[in-house]
1. Just to check your reading of the model, which residue among Ser206, Ser184 is crowded, with 18+ Cβ neighbours inside 10 Å, polar (S, T, N, Q), under 27 Å from Gln246 (Cα atoms) and at pLDDT 95 or above?
2. Please go through segment 114-129 and give me each residue that is assigned to a helix (DSSP H, G or I) and touching an Asp or Glu at 6+ places or on another chain (Cβ under 7 Å), ordered by number.
3. Can you pull out the residues in segment 76-98 that are at pLDDT 95 or above, of a type in the set (A, V, I, L, M) and either crowded, with 20+ Cβ neighbours inside 10 Å or over 21 Å from Phe215 (Cβ atoms) (or both)?
4. Considering segment 87-113 alone, what residues qualify as being free of Cβ contacts under 8 Å to residues at least 60 places away in the same chain, over 18 Å from Val207 (Cα atoms) and not in a helix (DSSP H, G or I)?
5. Would you check if there is a residue in segment 136-153 being more than 22 Å from the chain's Cα centre (by Cα) and among the β-branched types (Val, Ile, Thr)?
6. Can you confirm whether segment 96-109 contains a residue that is acidic (Asp, Glu) and over 14 Å from Ala14 (Cα atoms)?
7. Give the number of residues within segment 184-208 that are within 28 Å of Lys168 (Cβ to Cβ) and either touching a residue at least 40 places away in the same chain (Cβ under 8 Å) or touching a Cys at 6+ places or on another chain (Cβ under 9 Å) (or both).
8. Taking into account only those residues within segment 213-258 that are of a type in the set (Gly, Ala, Ser) and touching a strand residue (DSSP E or B) at 6+ places or on another chain (Cβ under 7 Å), which is farthest from Phe139 (Cα to Cα)?
Amino acid sequence: MPTFKANDTIYIPATLLPSTNPQVFEYAIVKTTVAQVQRAAGKGGNRVRVKLPPDGTPNPGVSNWIPVSKCSKHIGIAIIAIGDLSTEPMLIDPLYKSVLQFCRLMINDSDIEGIKLRSLDELKKWASTRINMFSHLIFIGHGDSDSIEFAVDGEKTSADIRKALQVKHSTKKVCISLCCKTGSPLFSEHFSKASFCGFLAAPQNSVAGSTASLFCQAFLQQNLGHAQTPGIAFKSALNSTPGDHQFSLWKRGAVQAC
């Protein structure tokens, strides 16, 4: 659970702020500053008050007490589209755009990055300088039970992709793969053991692009927009996504939910 001190930057769900503040209606997640910390023993836990975003008045004031379990030190979303040259216009690009536009409703553009690539080397080069800037990684592309397809390199296994993403002093991230069948044990068991992977949510079977987009949006809305744990967010996303699909949630090589 995060710990905070006065003047720390903090991310919280907008629903925890007064509904009269105009920024509540701009994004689902608000970036602000800690005004006061209350440390408590027992079940209640620590709480914070935050400075309210500007509302046109000289002194917007501070929020009510917010549990630290609802607060994040940093939120950043990287959306990685892995191209195959053949289905990009009708599937990969539309899915990428739908997820990107949804994320822009959740959080300021400064905390979102969209990447389009076609080779493992490009992924490795991006990760070497950028990966630790993000709390969430979303992968879009064509997958199989043990690989993801790259236009330049062909099918690459979870071991190949994990190695490309590995950097020194990795920070734990929530990973979401929208690539078909990557929620199977052959892919997810190994990938979810990576030092950068806190959780991995992925489809076990083939999944339509519209279904993948809906699941991803429902997961992010619960996990970030309502500060739910990945486990609770995953189950809620499953319930919100109709159709014949099978997703699984992995952590450290083991299935947590499906």
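The values are calculated or read from the model by the stated rules, or taken from the named source; none is laboratory data. Everything numeric in this text was worked out from a predicted model, so none of it was measured. Every residue, glycine as well, gets a Cβ built from its backbone with ideal geometry; the counts of neighbours run over all protein chains shown.
1. Ser184 is the lone residue from the list that is crowded, with 18+ Cβ neighbours inside 10 Å, polar (S, T, N, Q), under 27 Å from Gln246 (Cα atoms) and at pLDDT 95 or above.
2. The initial filter retains those residues of segment 114-129 that are assigned to a helix (DSSP H, G or I), namely 120-129.
The answer is Leu120, and nothing else.
3. Ile77, Ala78, Ile79, Ile80, Ala81, Ile82, Ile92, Leu95
4. Result: Ile112, Glu113.
5. Taking every residue of segment 136-153 in turn, at least one turns out to be more than 22 Å from the chain's Cα centre (by Cα) and among the β-branched types (Val, Ile, Thr).
6. Keep residues of segment 96-109 that are acidic (Asp, Glu), which gives 109.
Adding the requirement that they be over 14 Å from Ala14 (Cα atoms) leaves 109.
Taking every residue of segment 96-109 in turn, at least one turns out to be acidic (Asp, Glu) and over 14 Å from Ala14 (Cα atoms).
7. Total satisfying the criteria: 16.
8. Only one residue tops the list, namely Ala227.
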